[in-house]
Structures are given as structure tokens and as C-alpha cells.
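Asker: I am attaching a structure below and will ask some questions about it afterwards.
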Amino acid sequence: MQGVLHQILSGLATGGIYASLALALVMIYQATHHVNFAQGEMATLSTYIAYTMVTAGWSYWVSFIATVVVSFIMGVVVERVLMRPMTNAPVLALVGVFIGLLLIVNAMTGWIWDFTIKTFPSPFHSSTPLLGGFLSGHELGSTVVTLVMLLCIYLFFRHTSLGLAMRAAAYNPVSSRLVGVRVGWMLALGWGLAAAIGAIAGMMIAPIVFLDPNMMAGVLLYAFAGALLGGIENPLGAVIGGFAVGVIENLGGAYVVGTELKLTLALVIIVAVLMIKPSGLLGRTVMSRV
Amino acid sequence: MPALLEVVDLKAAYGQTNVLHGISFVVDEGEVTTLLGANGAGKTTTLRAICGMVRTEGEIRYAGERIEGKATEDVVRRKIGHVPDGRGTFMELTVEENMKLGAYTRSDRGVREDFERMFDYFPRLKERYKQQAGTLSGGEQQMLAIARALLLRPKLLLLDEPSFGLAPLIVRDIFEILGRIRQEEQVSVLVVEQNANLALALATRAYLLETGRIVISGNAADIRNDETLRRSYLGY
């Protein structure tokens, strides 16, 4: 029983990271109806930027904040430079851009920082187990960071007029322009936010999985499974789905399929959701009368 | 009265199909102007052209400035409120959020007060304030669209078929409120309608559009009283 509890808690801790990345995927999906395959690689690049700052002697939290800001700008630039010219492009062209971006960012990080595996520091003391040994300091700390971030994003979208405009632009771009919302910039801000969220997810997972250019490949798959499970059009669903996938991954890995086949669980979830309920568990049906 | 909006030789096309073949008209400051015509005459396209939503040729002068070719959001920010074809409701958002979006570009202190005024025109919106806008009836969505456009505090209000798809009683209500709005708000109105009778009663000047050309223009009251004209063009 103790073991199960431990697996669940530490599943929730990694689940928080999947939830963050799932949220980043959903944010871009809502606005563009495409999944940004490069979201994980962008997060890896952000983590390398943080790594460089930390190894240059900056304090962890200064590097953390600077990385979030740089990543936000990076996301905005990617949207403005790469995605904007593709506004009316066919789906395959867009998929091509996403995959191209994935390969370029991946190769670039390998080229700049080489492909050897590096350790990434955690700001939380991992040596002292907490909650009666159920959670490491890093697991608890990263869960708190994730939850605080999710709360900030929730408040931003619910209670600020910029957040409202971003939601409006995603739901109904034509009407948004007619009330004066600059829809193009809202999309760019969405990319910026998604990149910033990804950066935080990257910095939180790197101490666990170690830093290398392919670090996020598996994480992105879990995040995608989480987003689909909760509902790719529903941010709250994606977050819950991300946490759920973290727990399923841990329990399944420990008791059912073994650690080597854990990643298969993500694929099983993806296929199962697409077959049984493509809109996801919390997929919202929009009510409308005509 | 100076013209607030002056359109000269406006042409518009969707792809290869020309919809407007060079129309000219004016909207005077503080007045209601109506553009009448059957389905497919180009009424909606004219409004969309003013807001930079279709490719156009010709001149659109608004408050002494050329606005053709400008991005929709930049036209709107010059205080042109647009109640679009199909009402443009943000279905997933609440009535409150829809109204807040109407005032999105404003930072003055009058917004709260304007919300109250909208509730006075449309008490239904107050009852439904926290409700998802997609659950509103057609008439309520039309009211919401008008409120959203007015919350911009527009100098020019463009109304695209406010009677479309609504029950006669609701249409009467909405035009009654439009009459109040004409008197109480400092706004010039360009209303596009198929329901000529209602629109002519509201307007001072009228233009009749037929397949992308203006065939008749004049005083709304004169057109309304001219029986031959009414019978041959407006069909009532």
C-alpha cells in the first residue's frame, strides 16, 4: 500500500510537468487547430539556455526568470517569422513547418551544447525526503512551481482583459477584429506563453530525466496523451489529463508493463482516446441555438 | 451637416466574382441612412468593405480620412461599430464577456455607466449576464450584438440586417430600441435591411441597391410615400 501511494504521489509530480506541456499544446491548438510538434524541442532549447546561465554562475531563480522571459520572446518571434506567413497555407505545409522547426531546434541545441548528457540542477534539496519519504524535495518543489504557474495562467485568462481578448481571438477571430482585437498579435502572445510554459516544464523535468537534446521527446508524447485524454480543446481538461497520465504512467510502469514499456502507455492512451472518445473526457460540447 | 462617411465608386469582389460595381453614397453625421436591397444585392459586402473585410477599389472617406485598405481592427478603433451578418456572437463566452469585448479598446471611465445603459435598452442581457452566449435566442443574440457594438462608443454604427431570422414581435422590439438609440446616443447609423418598411421608418436617407449598383437614392420619407417606387422595387 505504501508503494502504491508513493507511485501515485510521484506520478502526480511528473504529471504536473506533462500537464504544463499539455496546456502549451492546447493553447496553440485552440488558436490554430494544429498541434505544435516542436513544443518539446523549444522547451529543451529553453532548458539549455537556463543551463548556460546557471553554469555561468547566475543564481538559479534569476536564471529561471530570465529563461522564461527569453522563451516568451522566442515563442513570439517564431510565430511572427515562421507561422504568420503560413496563415492560409494548407495543413500539410503547416505540419511541414512544425516538423522542420522540431528538427532545426533539435539539431541546433546539439550543435551548440553537444549531445552528451548533462545534469541540470534543481533548486530544491533532494537529499531530504519529505512527507514521510513519499516525495523527494524536487518532486514536491516542482509540483508547487507547476501549480503556481497554472494558477497564474488561469487568473490571467479569466480575469484580465488581455486574457479575454486572447480567448476571443482563438474562438472567433472575425468577431474579435470587429471589436478591435489585434488577432495576429494575440496568436503571437499565445505562442509566447506556450513557449514560456514549456520552458518551466523543461526546467522542472531536466533534473529528473537529465539534459540532452532529445530530453523532451518522451515528455511531449505523455503531454500529448494527457491533452487528448482531457480534451484537446479544453485547457482544464488537458491539465487534468496531464496529471492523470503521470499517475497512469507510474502505476502502469511499476505494476503492469514494467519501466521499459512505460512510453507505450502514452501511445495506448492516444489510440484509445481517438477510437473511443476523440473529444476527450472533458471535451466540451458547445451549446448553441440557431 | 457634413458627411461622416463618404463612399465613392466602391468596387468589391470575392475572388473572380464582382459584387459591387462602383457604388457611391454618403452617411451624414447624426443621421440614420439605410441601404435596401434583395438577397445578393451587395448590402453585406458594402458593410464588410467599409470595415476592410473584403478587397476593394474606390474611396472610403470617414471623418475626413481615407480608410480603405486599412486592417479591420484599425478601422474599428476609429470608432466604427459593426453589428455583423449572423450577429457574430462569441458563443463559448458569457454575455458579460461578450459585452466586455465590446469595450475592449476603451480605457475611459464611462464603461461601467455604458453597461448600465445597455441593460436599460436590453433588460434581457442583464437577466442573462452570466450565461453562455451560445444559449441565447436569436433575438437576444441580436440585442447582444448591438450592445457589443455600442459599447465601443462608436461614431458610426453599421447594422447588418437586424431583423434577419427573427419573429415579427422581436423585430418590432428591436426597431423600437433602435429608434431610441438614434435619439439618445450620439451616433450615426448605416443600416442594411431587406425589411424596407421598417428601415425607411427609421432612416432619413435611403439608397436602393440592386446587384451591386445603386438604382435609387433619396429621402427615406419620399421613397416610403412613393407608391409606384415601393411597388416596383420594394415589393410591398
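Each value in this text was obtained by applying a stated rule to the coordinates, not by laboratory testing. Because the structure is predicted, anything quoted here is derived from the model rather than measured. Counting neighbours? That spans all protein chains shown, and the Cβs are built from the backbone with ideal geometry, glycine included.
Asker: Would you compute, from DSSP H runs of 4+ residues alone, the mean residue ellipticity of the protein assembly as shown at 222 nm, taking -39500 (n - 2.57) per run and dividing by the full residue count, rounded to the nearest 500?
Answerer: -17500 deg cm²/dmol
Asker: Between B:Y129 and B:A38, what FRET efficiency comes out of the Förster formula 1/(1 + (r/R0)^6) with R0 = 25 Å and r the beta carbon distance, rounded to 0.05?
Answerer: Details: r = 38 Å, r/R0 = 1.50.
So the FRET efficiency works out to roughly 0.10.
Asker: Considering only B:M143, A:G16, A:Y171, whose Cα is most displaced toward the positive end of the charge dipole of the protein assembly as shown, charges sitting on Cβ of Lys, Arg (+1) and Asp, Glu (-1)?
Answerer: Of the candidates, B:M143 comes out farthest on the positive side.
Asker: Let me ask you something else. Set the Förster distance to 45 Å, then compute FRET efficiency between A:K277 and A:A66 from the Cβ-Cβ distance, nearest 0.05.
Answerer: The pair A:K277/A:A66 has a calculated efficiency of 0.60.
Asker: Among the aspartates and glutamates, which fall within straight-line cross-link reach of B:K70, defined as a Cα-Cα distance under 14 Å, with same-chain neighbours fewer than 8 residues apart omitted?
Answerer: B:E57, B:E59
Asker: With a cut-off of 8 Å between alpha carbons and a minimum separation of six or more residues, what is the relative contact order of chain A in percent?
Answerer: That works out to 36 percent.
Asker: Between A:V95, B:G58, B:V111, whose Cα lies farthest towards the positive end of the dipole of the protein assembly as shown when Lys and Arg beta carbons carry +1 and Asp and Glu beta carbons carry -1, centred on the Cα centre?
Answerer: B:V111
Asker: Which residue, A:L151, A:L228, A:L263, has the most motion in a Gaussian network model of chain A that connects Cα atoms within less than 10 Å?
Answerer: Among A:L151, A:L228, A:L263, the largest GNM mean-square fluctuation belongs to A:L151.
Asker: Turning to a different aspect of this structure: Could you compute the FRET efficiency for B:Q186 and A:L147, with r as their C-beta to C-beta distance and R0 at 45 Å, rounded to 0.05?
Answerer: Once the sixth-power term is evaluated, E becomes 0.35.
Asker: List the aspartates and glutamates whose Cα lies under 15 Å from the Cα of A:K262, skipping any in the same chain that are fewer than 8 positions away.
Answerer: Here the aspartates and glutamates satisfying the reach criterion relative to A:K262 are A:E249.
Asker: Whole Å is fine, so just give me how far the alpha carbon centre of region A:136-193 lies from that of region B:18-93.
Answerer: When both Cα centres are located, 31 Å separates them.
Asker: So the label point goes 7 Å from the Cα of B:E113 along Cα→C-beta, right? Which residues of region B:122-160 then have their backbone N under 16 Å from it?
Answerer: Correct set: B:151-154.
Asker: Just to confirm my numbers, what's the Cα centroid distance between region A:217-290 and region B:204-236 in Å?
Answerer: First find each Cα centre; the distance between them is then 61 Å.
Asker: Sticking with this structure for a sec: Relative contact order of chain B, please, whole-number percent, based on alpha carbon pairs below 8 angstrom and at least 6 residues apart.
Answerer: In percent, rounded to a whole number, it is 27.
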